[in-house]
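Trainee: Pasting a structure below so you can have a look.
The values are calculated or read from the model by the stated rules, or taken from the named source; none is laboratory data. Everything numeric here is computed off the predicted structure, so don't read it as measured data. Here the Cβ positions follow ideal geometry from the backbone for every residue, glycine too, while neighbour counts run over all protein chains shown.
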Amino acid sequence: MNKNILLIQGHPDLSQHHFCHALEKAYAEGAMTTGHKVQHVNVAALDFPILRSPQEWEHGTLPMGLGRAQAVIRWANHIVVLFPLWLGDMPALLKAFLEQVARPGFAFSSEAGNPFAHKGLVGRSARVVVTMGMPASMYRWYFRAHSVRSLERNILGFVGIAPVNETLIGMTGKLDPIEAGKWLERLRELGGRGE
């Protein structure tokens with residue numbers, strides 16, 4: 001079955017091409033080759049403020065540049081989030097983006113006094129693709145992949161996105177062209193399957 005796939009590029013640096021961008025391109029190529037529809041959101045290209053209070057999050061106006069982002073999140077039935085691990089977590093710009101778009105009334109809604117009664121993004125699956133300087137096995141087992149698990153459970157799962165799979169790519173600063181090519185091919189395969 002063909003899917004509507006949204007690729008959210010979370011690398012905050014627009015000044016140069018990074019491995020996260022190559023991974024995004026490979027995934028998109030694989031997806032389109034097999035008939036999936038693909039849309040992109042490049043968080044670094046968006047202009048929005050960070051949220052500074054619960055009142056802003058609950059009652060503030062969505063920044064103008066993020067209306068399209070919410071529309072394509074709603075359109076998608078599979079979401080791929082790509083980002084580099086910075087200081088053990090997602091870059092602050094990506095977290096700020098997720099806080100802005102995952103607002104009450106869009107990502108979830110209330111009922112009978114329960115503010116989180118209805119998860120607004122049920123029916124969507126996701127894949128989280130993370131690049132890092134350390135070995136992925138060290139991040140997964142020693143650090144328990146804490147930030148990826150938090151994203152999966154406390155953001156994606158919280159709004160109803162499931163299942164969420166992950167691809168952790170370690171030692172990206174030291175990948176030789178053959179190793180990098182294998183990862184790009186892996187992302188093409190995942191894109192082709194819409195996973």
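Trainee: Could you look through region 173-195, keep only residues that are among the acidic types (D, E) and over 14 Å from the mean Cα position of the chain (by Cα), and pick out the one that is surrounded by the fewest Cβ atoms within 10 Å (Cβ to Cβ)? Steps first, answer last, please.
Mentor: Residues of region 173-195 that are among the acidic types (D, E), as a first pass: 176, 179, 185, 189, 195.
Next cut, over 14 Å from the mean Cα position of the chain (by Cα) only: 176, 179, 185, 189.
Values: D176: 7, E179: 13, E185: 12, E189: 13.
Once the filter is applied, the top-ranked residue is D176.
One line per residue, one yes/no per condition, for (1) over 23 Å from R186 (Cβ atoms); (2) over 15 Å from the mean Cα position of the chain (by Cα):
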{"position": "Q39", "(1), (2)": "no, no"}
{"position": "H59", "(1), (2)": "yes, yes"}
{"position": "R74", "(1), (2)": "yes, no"}
{"position": "L85", "(1), (2)": "no, no"}
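Trainee: Please work out which one of (1) touching a strand residue (DSSP E or B) at 6+ places or on another chain (Cβ under 7 Å); (2) closer than 17 Å to H11 by Cβ; (3) at pLDDT below 95 is the condition G88 fails and give its number.
Mentor: (1)
Trainee: Could you look through region 126-172, keep only residues that are buried (at least 19 other Cβ atoms within 10 Å of the Cβ) and of a type in the set (S, T, Y), and pick out the one that is nearest to A28 (Cα to Cα)?
Mentor: Result: T167.
Trainee: So which residues in region 33-67 are touching a Leu at 6+ places or on another chain (Cβ under 9 Å) and not β-branched (V, I, T)?
Mentor: Across region 33-67, the qualifying residues are Q39, H40, N42, A44, A45, L46, F48, W57, G60, P63, G65, L66.
Trainee: Still on this structure: Working only within region 53-70, note down all residues that are of a type in the set (D, E) and closer than 26 Å to L7 by Cβ. Explain how you work it out, then say what you get.
Mentor: Step one: of region 53-70, the residues of a type in the set (D, E) are 56, 58.
Across region 53-70, there are no qualifying residues.
Trainee: Quick one: V129 ticks every box in (1) among the hydrophobic types (A, V, I, L, M, F, W, C); (2) over 30 Å from T61 (Cβ atoms); (3) free of Cβ contacts under 8 Å to residues at least 60 places away in the same chain; (4) in a strand (DSSP E or B) except a single one, so which number is it?
Mentor: Of the numbered conditions (1) among the hydrophobic types (A, V, I, L, M, F, W, C); (2) over 30 Å from T61 (Cβ atoms); (3) free of Cβ contacts under 8 Å to residues at least 60 places away in the same chain; (4) in a strand (DSSP E or B), the odd one out for V129 is (3).
Trainee: From the residues in region 41-67 that are acidic (D, E) and in a helix (DSSP H, G or I), which one is modelled with the lowest pLDDT? Spell out the reasoning first.
Mentor: So in region 41-67, the residues acidic (D, E) come out as 47, 56, 58.
Checking which are in a helix (DSSP H, G or I) leaves us with 56, 58.
On the way: E56: 94, E58: 89.
Here the answer is E58.
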